[in-house]
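Undergrad: My questions will all concern the structure given below.
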Amino acid sequence: MKKKILVIDDDATIRFLLINILRDYEVISKEDGYEALSWLNSGNVPDLILLDMEMPNINGRVLIRRIKSSYKHRQVPIIVMSGTDSKLIKNNFLKLGASDYIIKPFADLDFLERVKKAMIVG
């Protein structure tokens, strides 16, 4: 059975790109935090969450706090994706519980290695 990855990003192009890069996985794509929380609260548990930092309605910080406060989802690794290359912001997300912080744009092979590593390490 394929591992399941939840992609949460408000940019349709990024979602499309990630679906293509992650073709060896079952990818569930949501365009905002509300859609993602609804999907998660319906009993779904992915093997990994790829989360955009800046989104309308519920941003990455709020969403990661909600996911990590859920008994059912707190162990799911989360990779935050951002166009912001800031050590302070990266460290804040890692303190919130993110497994990794990836700067967009990213190299496909490096990205895939980091996805694999996050699912192994958890």
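The values are calculated or read from the model by the stated rules, or taken from the named source; none is laboratory data. Predicted model only: the values in this text are computed from it and were never measured. So basically every Cβ, Gly included, is an ideal-geometry build from the backbone, and we count neighbours across all protein chains shown.
Undergrad: Go through region 104-118 residue by residue and tally those that are of a type in the set (A, V, I, L, M) and modelled with pLDDT of 95 or more.
TA: Quick first cut of region 104-118, residues of a type in the set (A, V, I, L, M) only: 107, 109, 112, 115, 118.
With the extra rule that they be modelled with pLDDT of 95 or more, the set shrinks to 112, 115, 118.
The total comes to 3.
Undergrad: A follow-up question, please. Report the residue count in region 88-105 for those that are loosely packed, with under 14 Cβ neighbours inside 10 Å and assigned to a loop (DSSP other than H, G, I, E, B).
TA: Result for region 88-105: 1.
Undergrad: Please enumerate the residues belonging to region 85-100 that are over 13 Å from the mean Cα position of the chain (by Cα) and among the acidic types (Asp, Glu).
TA: The one that is over 13 Å from the mean Cα position of the chain (by Cα) and among the acidic types (Asp, Glu): ASP85.
Undergrad: Please verify whether ILE120 is touching a residue at least 12 places away in the same chain (Cβ under 8 Å) and on the phi < 0 side of the Ramachandran plot, treating the condition exactly as stated.
TA: The answer is no for ILE120.
Undergrad: Only one of SER29, SER38 is modelled with pLDDT of 95 or more and loosely packed, with under 13 Cβ neighbours inside 10 Å. Can you tell me which? Please lay out each step first, then the result.
TA: Details: SER29 fails: loosely packed, with under 13 Cβ neighbours inside 10 Å.
Of the residues listed, the single one that is modelled with pLDDT of 95 or more and loosely packed, with under 13 Cβ neighbours inside 10 Å is SER38.
Undergrad: Another question, if that's okay. Got a sec? Which of ASP24, ASP47, ASP108 is under 28 Å from MET1 (Cα atoms), acidic (Asp, Glu) and touching a strand residue (DSSP E or B) at 6+ places or on another chain (Cβ under 8 Å)?
TA: ASP47
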